[in-house]
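Have a look at the structure below, then the notes.
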Amino acid sequence: MTNHESIAVGHTVKRIDALGKVTGTTPYPGDIDMQGQLWMKLRYSERAHARIVAVDTRAAQALPGVVRVFTAKDVPVNEYGLIIRDQPVLCGPGSAKPGADIVRCYADYVAAVVAENESIAAAAARLIQVEYEDLPTVFDPEAAMREGAPLLHAHTPNNILSHYRIRRGDMAAGWAQADVVVEGEYHTGYQEHAYLQPEAGLGYVDDLGRVTIIVAGQWTHEDQDQVAHALGLPVEQVRIVYPAIGGAFGGREDMSVQIVLALAAYHLRRPVKIIWSREESILYHHKRHPITIHCKWGATKAGKLVAMQARVIGDVGGYAYTSTKVLGNANLMVSGPYECENMHFDTYAVYTNNIPTGAFRGFGAPQAALAAETQMNKLAQALAIDAVEIRRRNVVQEGSILSVGTPLPKGVSMQPVVEACARESGWSLRDGHFQRAATTQPDNPALRRGLGFACGFKNVGYSFGFPEQNWAAIELYGSAEIEHVVVRAGGADVGQGAHTVFVQMSAEALGVPLEKVRLITHDTAQTRTAGSASASRMTFMTGNAIRGAAAQALENWRNEDRPALATYQYRPPKTTPYDPQTGKSEPNYAYGYVAQSVELDVDIETGHIFVRRVVSVNDVGKAINPQLVEGQIEGAVVQAQGYALMENLISRQGRVLNPFLSTYLIPTVLDVPPEVKSLILEYPDPIGPWGARGVAEMPFIPLAPAIIAAFHDATGVWMHTIPLTPDRVVKALREHGLGLL
Amino acid sequence: MPLWKSYHIPRTVDEALATLAQYGGAARIVAGGTDLMVDLQYTDHVQPLEALVDVTRVQEMLDIHQEADDSCRLGAAVTHATIVKSTLLEARATCLVESCGVVGGPQVRNVGTLGGNVAHALPAGDGTTSLMALDAQALVAWGGGLHEWLPLPALFRGPGVSALDHGKDLLVAFRFTLCAPGEATAFKRIMRPQGVALPILGCAVWVKLNAARTHYDDVRVCVSPVAPKPVRAVEVEAALRGQPVGQQTLENAVAAAHRTLHPRASAYRATAEYRQHMIETLLRQTLPLATERAKTGEARAEGVGLG
């Protein structure tokens, strides 16, 4: 049993959830009903910044069929937040929490109405009279940082939630060595997660008296903590269960309906259900951070980076969510995967009265990569060095010291990833240098074709000292041989296929066929914490926990325990936070590496962009399930294409103007490039399970800058703001004399 | 909660009108429902709608008929997909096929009707834009009993506001003259590159060349949206009428368009500046295309969507 060929890991096995999902029998949170259930509707803030003087619920309460209207005074501990508890559960007067009477954005909740049916709840929610006293607003992060700007939170001077610094080397010496300097200011937009399943949930009190929430999230135990905290209950009194989760991408990292459902179910002792509309989903969960990045980079004639300077400002919106970590990550990634002796970065996370921003696939890395990779491509142009060639001269290697003054964890594969992508994209090695093939132009004179290249890296797992752990438990049943296996691993399968991979890794670690493994998951009452399905960490972390549990369970089995049980907590190497002055730290324990090329056509008459071919080369360490890895790559490419080209969430004075999928456009099947070539490389991570790293975020990261580079190759114009909407494209092209037949 | 209480499927115009009358304005006509269903779901209803009257089985609203005078009578309940498949319309009202072929996606075109599109009264309706260039008339059966043919613009009061009361008045059919030799049409629109989305700008043109095919005898142009209601670009037409076919005339038409057509910004679809650029792009595409069709007498619809 100890020496065997791979029986499960590395094979494309069918997803364990496939049949139920494709036949429509798998329930998602909105599909689950209980006898006697009530319905909830929320009343949201109607101001970007105001003090609520009074909430009059009498008319709502009097409507026949209304059971109860909850307001701020009903929330035992009226605060929540994943990293900082800075947001009231319900805003309004009468709460013990100071400042809970203030709404700081349109995404705040004021009241939760529970009624016998949904339409009565909706009608009652409208009958609530809310009296506001307006407060001064600020929507621009630069303005929010200035003296005299309205302050959103106590103890947060200048609205600066975090300020990270990188101080490395000697900038004056760096600039003195530079033969060429390129500078640019880059702007990225909001992005909506647009998962298939809008927020929904059902709350009830279970047989053991636990307030139980059936919901879709990314981390059952974090939801449990936050619900317990707000209700003032011990965590054992709260139970979180996830049925199937209809996508997440970071958008379910924070609370949506969990706490309000728990509050109502706990007080009313009846099941309470809520389903958000698409409009509510877009309006009331957080978005990807709009970030402005000013960069100035210097290099020698030989193409070697000698100085890098950046100022990064991220719009946090009204509440922190995971902004401290997202901007921390942006600060780390704004150097790109490059070596340089001299770096000076300042990164700010700034509160405004806009919609909150938070986790979204890539976690600050896509914005940073847009700036870093475009800077690199501009340097290549300025120095007349090929875009791949200049990367070969600068990318991180084994032992490279990052901006944070410490070496990358072992297993650095940036250079072979870049070279593999170049080869797959028409580059060839001549006399030791990479050169690209010429692009054939289309017959239609309105179309200009271009090819662009970019690369990137992304941490696997939590960063900067955030406690990182994952539990798994294994039970082996049988007598002479193992007849069946129960694996308890709580990590969220948000659609990426994590649970299939858990089963594969369990079978592999135990040397049993897949069919013998049964997974128990998604329930705080039956599993211990796994951490969140985020930071591309779930395969890595749960895989290591399963391996540890399997080794112990097999040992117990050999010692004749029947059943043989084992519980294991995996803890990776420690990380450390930024030094406040220099940024020195050991930020992460593992990384994945990626490079991409994009071939596209620009219609210079209409400003439309047609992505023809994407090559995505990804070092995932080990593809536990190659088809699922490809699914992640293709999905990330299309989502990133939407981010780069069309997804344009418009916010004015803190209010989202296009909360519908008819006006906030995401890619459809017709937008998917004719070819997405996914190339999976397997340079093992020394501490990853079977060498696995992660995959979910990496293929998102370089796509936007690769598109910018291809656009420049096609038209000679550098774009600095995404998405590249037709308006922006035509304006830029006309300014350069391009277009009009 | 249900969105309506009862659902009626009349077979004749009279039956439809009688059913509507029976509800005294509390019913709504449904002719495909691709807009109406969205509206109903996003309106806060305390009570469900009394009734829906589905007119897509009314036979006289389902015909595409070439009349003796070489006009076409097109039933208002004909779907976009049916129009796209009509060889008569492709050859002799090409712009209508081209505009109906880009509405929504295949599912929307399969159930959505041209009459529904016009009755919804959006100034940028693709079908509307082409009907304007075809100088179409509409047959309205008013709830009061009167049946009358009206010029298309008379159906529009403002953006999304129809002259018809959708609880009483029925849009029965359209009528327009089919293209004769020397005449042709074309439609193009700016929308997202692929997939389903509302148009940013559409442009339909109809041209009639002289016998020698050297001059424009007559021209009709509709660019939309440039106003709260669909309007003809009369200055652009004037710049073309009687003028020789050629580059200078096209430049004059473009100049007239820039001078007189001023689209507004849409908060989330396009800036005014982009639309202004695209008017020129569309004119430079559609005018030469329609002119070429009129010269050769051959017209194959372009850009029609999948399905």
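Enter the accessible area per residue of the protein assembly as shown (Å², integer; probe 1.4 Å; all protein chains in place). Can you show the working numbers first?
Values: 38050 Å² over 1048 residues.
Normalised by residue count, the accessible surface of the protein assembly as shown is 36 Å².
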Cut-off under 5 Å, modelled amide H: who pairs with residue B:215 long-range: B:210, B:245
If you wrap a convex hull around the alpha carbons of the range B:154-276, what volume per residue comes out, as a whole number of Å³? 149 Å³
Taking every Cα atom in the range A:426-497, find the radius of gyration and the maximum pairwise distance Dmax, and write them in Å. 26.0, 75
Kirkwood Rh (inverse of mean 1/r, distinct Cα pairs), the range B:15-97, angstrom: 14.9 Å
Straight-line reach from residue A:677: which aspartates and glutamates have a Cα under 18 Å away, not including same-chain ones fewer than 8 places off? A:419, A:424, A:599, A:601, A:619, A:630, A:634, A:697
From other protein chains only, count the Cβ atoms within 10 Å of every residue's Cβ in B:151-159, then give the mean. 0
Give me the summed buried accessible area for the A-B pair, 1.4 Å probe, to the nearest 100 Å². 2300 Å²
Quick query: amide H of residue B:178 versus all other amide H atoms, modeled in the peptide plane; which residues come in under 5 Å with a sequence gap of 5 or more or a different chain? B:71, B:72
Working from the alpha-carbon coordinates of the protein assembly as shown, get Rg over Rh, Rh being the Kirkwood radius. 1.00
Give the relative contact order (percent, whole number) for chain A; include only Cα pairs under 8 Å separated by 6+ residues. 15 percent
Rounded to the nearest 10 Å², what accessible area does residue B:206 have for a 1.4 Å probe in the complete protein model? 20 Å²
Enumerate the residues in the range A:451-488 having an amide nitrogen under 19 Å from the point lying 7 Å beyond the Cα of residue A:83 toward its Cβ. A:458-469
For the range B:4-54, report the convex hull volume of the alpha-carbon atoms normalised per residue, in Å³, without decimals. 67 Å³
Can you pull the percent of Cα pairs in the range B:61-177 with separation above 19 Å? 39 percent
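I need the per residue convex hull volume for the range A:1-97, using only the alpha carbons, in cubic angstrom as a whole number.
Per-residue hull volume (Cα only) is 286 Å³.
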Taking 1 over the mean of 1/r across every pair of different Cα atoms in the range A:196-306, what Kirkwood radius in Å do you get? 15.9 Å
Rule-of-thumb Rg ratio for chain B [Cα; 2.2 N^0.38 Å; N residues]: 1.00
Quote to one decimal, in nm, the extra length available between residue A:559 and residue A:35 on full extension: 0.36 nm per residue of separation minus the C-alpha distance between them. 183.8 nm
Once the range A:1-53 is represented by equal point scatterers at the alpha-carbon sites, with solvent omitted, what log10 I(q)/I(0) does the Debye formula produce at q = 0.18, 0.23 Å⁻¹? -0.86, -0.99
Over the range A:667-706, equivalent-ellipsoid semi-axes from the Cα gyration tensor in Å: 27, 11, 9
Rounded to the nearest 0.05, what FRET efficiency do residue B:15 and residue B:71 have when you use their Cβ-Cβ distance and R0 = 35 Å? 0.85
Quote the charge dipole size of the protein assembly as shown about the Cα centre in Debye, to the nearest 20; the model charges only the Cβ of Lys and Arg (+1) and of Asp and Glu (-1). 820 debye
XL table A:287/B:5; A:304/A:325; A:325/A:378; A:516/A:622; Cα-Cα > 32 Å flagged, in table order, is A:287/B:5
With all protein chains present, the protein assembly as shown has a carbon and sulfur share of its accessible area (1.4 Å probe) in percent of 52 percent
So what is Rg over Rh here for the range A:64-186, counting just Cα atoms and using Kirkwood for Rh? 1.21
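The values are calculated or read from the model by the stated rules, or taken from the named source; none is laboratory data. The structure displayed is predicted, hence computed values, not measured ones. Here Cβ is always computed from backbone atoms with ideal geometry, including for glycine, and neighbour counts include all displayed protein chains. Areas reflect the complete protein model, heavy atoms only, side chains present, ligands, DNA and RNA absent. Shrake-Rupley method; radii C 1.70, N 1.55, O 1.52, S 1.80 Å.
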